[in-house]
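Colleague: One structure coming up, written as structure tokens, with questions to follow.
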Amino acid sequence: MSWNAYFRRYWQLYALLVLPLTYFIIFKYGPMYGIQIAFKDFNFFQGITGSEWVGIDAFREVFGMRDFYLTLRNTLMLNFLDLLVSFPAPLILAIMLYEMNALWFKKLSQTILYIPHFISWVIIGGIVYQVFGTQSGMINNVLTSIGFEAVPFLTDKSSWLITYLLVGMWQSAGWGTIIYLAALTGINKELF
């Protein structure tokens with residue numbers, strides 16, 4: 001069968017490729033044009049093509065900075081700790097919800113757990129500041145009103161780390177719980 005005859009026979013299948021190919025060309029390959037900014041001394045008025053080519057000088061400058069490796073270490077440490085803390089939480093919550101018998105409470109819990117997934121990180125940052133702020137935070141206002149000292153949740157190194165990990169877990173646990181719960185419901189009951 002020739003290519004022409006094959007194409008005429010299956011033209012509908014090729015027509016289905018138009019939208020995905022258009023998507024990839026516009027949103028995946030199109031932005032690659034802007035990658036060259038990283039290798040140029042970009043000037044807004046001259047544009048990408050008019051700016052001077054500097055090669056990997058920008059990368060040398062970043063890797064040569066005094067605090068680069070400290071920042072890299074902190075980033076890797078935070079990601080590792082986030083994985084360590086955030087991974088078991090949705091799994092444990094999914095098992096707890098799976099074993100729950102009260103259907104109304106199970107559905108309500110799923111909804112409440114899943115809501116933080118839809119909140120923007122900017123909004124979450126504002127909420128965290130309003131709740132944990134040293135001067136104006138809700139928790140510290142309650143603590144100082146009953147005679148305790150304010151806790152620097154957002155300024156002390158160890159307090160901030162715990163707050164960061166707990167807020168990240170709160171935001172992402174609902175999504176993971178839904179995924180794990182779906183996997184648990186797919187398991188045959190006879191296997192238990």
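Colleague: Sorted by packing (mean other beta-carbon atoms within 10 Å per residue), highest first, where do 22-32, 142-152, 166-176 land?
Modeller: Result, highest mean first: 166-176, 142-152, 22-32.
Colleague: Once you list every other residue whose beta carbon is under 15 Å from the beta carbon of ARG66, what net charge do they have if Lys and Arg are +1 and Asp and Glu are -1?
Modeller: Here the count lands on 0.
Colleague: So with the 1.4 Å probe, I'd like the accessible area per residue for the range 42-85, rounded to whole Å².
Modeller: Numbers: 3760 Å² over 44 residues.
Result: 85 Å² of accessible area for each residue.
Colleague: Can you return the aspartates and glutamates within cross-link range of LYS40? Criterion is Cα-Cα under 18 Å, with same-chain partners fewer than 8 residues away left out.
Modeller: Within reach: GLU52, ASP57, GLU61.
Colleague: Taking Cα centroids, how far is the range 39-53 from the range 137-192 in Å?
Modeller: Here the two parts' Cα centres lie 45 Å apart.
Colleague: Now, a different point. Given just the C-alpha atoms of the range 93-175, how large is their convex hull per residue in cubic angstrom?
Modeller: Expressed per residue, the convex hull around the Cα atoms of the range 93-175 is 123 Å³.
Colleague: Relative to the compact-globule scaling 2.2 N^0.38 Å, provide the ratio for the alpha-carbon radius of gyration of the range 41-97.
Modeller: 2.03
Colleague: A further question on this structure: Can you pull the percent of the chain's accessible area that's carbon plus sulfur, 1.4 Å probe, other chains left in place?
Modeller: Details: 10440 of 14850 Å².
Ligands and nucleic acids excluded, carbon and sulfur give 70 percent.
Colleague: Further, regarding this structure: Average the reciprocal distances over every distinct pair of alpha-carbons in the chain, invert the result, and give the Kirkwood radius in Å.
Modeller: This gives a value of 22.8 Å.
Colleague: Just to verify a number: FRET efficiency for ASP156 and HIS117, C-beta to C-beta distance, R0 = 22 Å, to 0.05?
Modeller: Efficiency, rounded to the nearest 0.05: 0.20.
Colleague: Still on this structure, I have one more. Measure off 7 Å from each Cα along the Cα-to-Cβ vector at PHE87 and THR71, then give the distance between these two points in nanometres to one decimal.
Modeller: Going by the 7 Å Cα→Cβ label model, 2.8 nm.
The values are calculated or read from the model by the stated rules, or taken from the named source; none is laboratory data. Fair warning: this is a prediction, and the values are worked out from it, not measured in the lab. Cβ sites come from the backbone with ideal geometry, for glycine too, and all protein chains shown count toward neighbours. For accessibility, only protein heavy atoms count, side chains too; no ligands or nucleic acids. Shrake-Rupley method; radii C 1.70, N 1.55, O 1.52, S 1.80 Å.
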